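Visitor: This is the structure I want to talk about, given as structure tokens.
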Amino acid sequence: MPDSSTGATVRPARHAPFPRSVLLLQGLMGPLFRKLGQGLMAAGHQVHKVNFNGGDRAFWRLPGGIDYRGTLADWPAALVGIIRDHAITDVILFGDCRDHHIIATRVCRDLGVTVHVFEEGYVRPDWVTLEQGGVNGHSQLPRDPDWYRDMAATLPPVPVHNRVHSSFVRRATEGVIYNAADLLTRWHYPNWSNHRPWHPLIEAAGWARKLLRRKHRETQAAALLEQIAARQHRYFLFPLQLDSDAQIRLHSPFAGIADALKLVIESFAAHASSDVRLVVKEHPLDNWVRNWEQEALDVASRCGVADRVDYLAWGDIEAVAQGALGMVTINSTSGTLGLAKGVPVIVLGHAVYDIPDITFQDGLDAFWQQPSQPDPATFAAFRRVLIERCLIPGGFFSEEALNKVVHHAIARFDGRPLLPE
């Protein structure tokens, strides 16, 4: 089906003959790909897994593991060999912007091998993205609101979907285990280079500071939210993303979060009403290597709006989004959370949900004065199509959430509809 806005073709999911030969590349830090591998094997598929470092290997611990110890330059030829040796029909990876994954996507396209990309859910909470070909800026989904309205009209209602538990402690613990295993086995993987910009020891020190000050920051955040509610402040919300996020580097005009902070606060100072505030929300998984609170307040001071810019270091983004006049985002999935609540949203980068009638299209400077709400019917149609094509229920940071993801991912992989919960 042609995309009228880009000229691209949006193809229905292709399913290879059963059983299939699957190659897993890098997953999320944790047991996601181990559980997925077990489920695919139980469903009758052949499964292999490339381990690029000791963290990958520590969480795999299943047959079919392949240690890749070569260089990035040698990776294309090595991947071609793995695909041919094992008759690979499908490749599954988490995040399509990592160096090895960018190359893998290109190689698979040339060889006619289907690529399935996991990512945090386009729609939050409790959904996970599993999309063929690529996500966000690499997605084949169109940006035409009429296409979504027409497509949604042909689909049945969304199956019943229940929320899942997510544990911050579990996510942090799995990160520590992964990084420790990586560091302790660098001798075995001499050419491995992490896609993240910091050495794991530097990140570990940042996390230690963050965890030690957690209670204090939670108290500060609660006090700020109480003050906003008590004084009935009108405010815009700018949720930060991770500075290491490839979605920033590859799918936005910014080199990092510092550039985005500068642009947003300068625009706010020049164009927002003097009785309106800006709440900058820290990403819950920020590693504290950089002090974004200080950087935000430094920019605000230079722009003369330090008394109208607040920094929220902790807290539930759903609650703070609910009361916002509007939300500014680079391309975070938190944007769809705001849209679901009817909050006006502007996107500064490339995002799959940046569509006319859903997000604000007239530029950041105008957004502060006349933020327009999303059309609820168009957003509902967009959400329905996404669930049909590239979303599955679940999450990554509890047993219940992981089991649900694996259960539905295998159903989607095998060409079956979402299973009832």
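Visitor: Taking square-rooted eigenvalues a ≥ b ≥ c of the alpha carbon gyration tensor, is region 218-380 rounded, prolate or oblate, where a/c under 1.5 means rounded and, failing that, a/b exceeding b/c means prolate? Walk me through the numbers on the way to the answer.
Guide: Details: a/c = 1.33, a/b = 1.14, b/c = 1.17.
Rounded.
Visitor: According to the square roots a ≥ b ≥ c of the eigenvalues of the Cα gyration tensor, what is the shape class of region 197-240, taking rounded for a/c under 1.5, prolate for a/b larger than b/c otherwise, and oblate for the remainder?
Guide: Values: a/c = 8.53, a/b = 2.08, b/c = 4.10.
In terms of gyration-tensor shape, oblate.
Visitor: Quick check: the angle from helix 257-271's long axis to the longest principal axis of the chain, C-alpha only, nearest 10 degrees?
Guide: Orientation of helix 257-271: about 30 degrees from the principal axis.
Visitor: Specify the angular offset, from 0 to 90 degrees and rounded to the nearest 10, of the alpha carbon long axis of helix 376-389 from the longest principal axis of the alpha carbons in the chain.
Guide: Between helix and principal axis, roughly 20 degrees.
Visitor: What percent antiparallel are the DSSP beta bridges of the chain, to the nearest 5? Mind dumping the intermediate values first?
Guide: Working: 9 of 39 bridges.
Just about 25 percent of them are antiparallel.
Visitor: Convert each backbone phi in region 66-78 into a coupling constant with the Karplus relation 6.51 cos²θ - 1.76 cosθ + 1.60 (shift: θ = phi - 60°), then list the ³J(HN,Hα) values in order as whole Hz, x for Gly and Pro.
Guide: Listing the rounded values in order: 10, 7, 9, 10, x, 8, 5, 5, 7, 4, x, 5, 5 Hz.
Visitor: For the Cα atoms of the chain, what angle does the longest principal axis make with the long axis of helix 99-111, in degrees from 0 to 90, nearest 10?
Guide: That works out to roughly 50 degrees.
Visitor: Continuing with the same structure: Please state the shape class of region 186-303: rounded when a/c is under 1.5, otherwise prolate if a/b exceeds b/c and oblate if not, all from the C-alpha gyration tensor.
Guide: Values: a/c = 3.01, a/b = 1.59, b/c = 1.89.
Oblate, because a/c is 1.5 or more while a/b does not exceed b/c.
Visitor: Then there is this: When you count, for each residue, the other Cβ atoms within 10 Å and take the mean per peptide, how do 118-127, 100-109, 326-335 rank with the highest first?
Guide: On the way: 118-127: 21.2, 100-109: 18.5, 326-335: 25.8.
Listed from highest to lowest mean packing, they are 326-335, 118-127, 100-109.
Visitor: Express the relative contact order of the chain as a whole percentage, based on alpha carbon pairs under 8 Å and six or more residues apart in sequence. Show your work: numbers first, answer last.
Guide: Values: 716 pairs, mean separation 83.3, N = 421.
Worked out over the chain, it gives 20 percent.
Visitor: Find the Cα radius of gyration of the chain, compare it with 2.2 N^0.38 Å by division, and give the number to two decimals.
Guide: Details: Rg = 21.8 Å, N = 421, 2.2 N^0.38 = 21.9 Å.
Cα Rg divided by the expected 2.2 N^0.38 Å: 1.00.
Visitor: How many lysine pairs does the chain hold where the Cα atoms are under 18 Å apart and the two sit 8 or more places apart or on different chains?
Guide: Details: LYS35/LYS49; LYS35/LYS404; LYS210/LYS281; LYS215/LYS281; LYS262/LYS281; LYS281/LYS341.
Qualifying lysine pairs in the chain: 6.
Taken together, the values in this text are just the output of simple stated rules run on the coordinates, not laboratory data. Quick caveat: nothing in here was measured; it's all calculated off a predicted structure. No Cβ is skipped: glycine too gets one built from the backbone with ideal geometry, and neighbour counts run over all protein chains shown.
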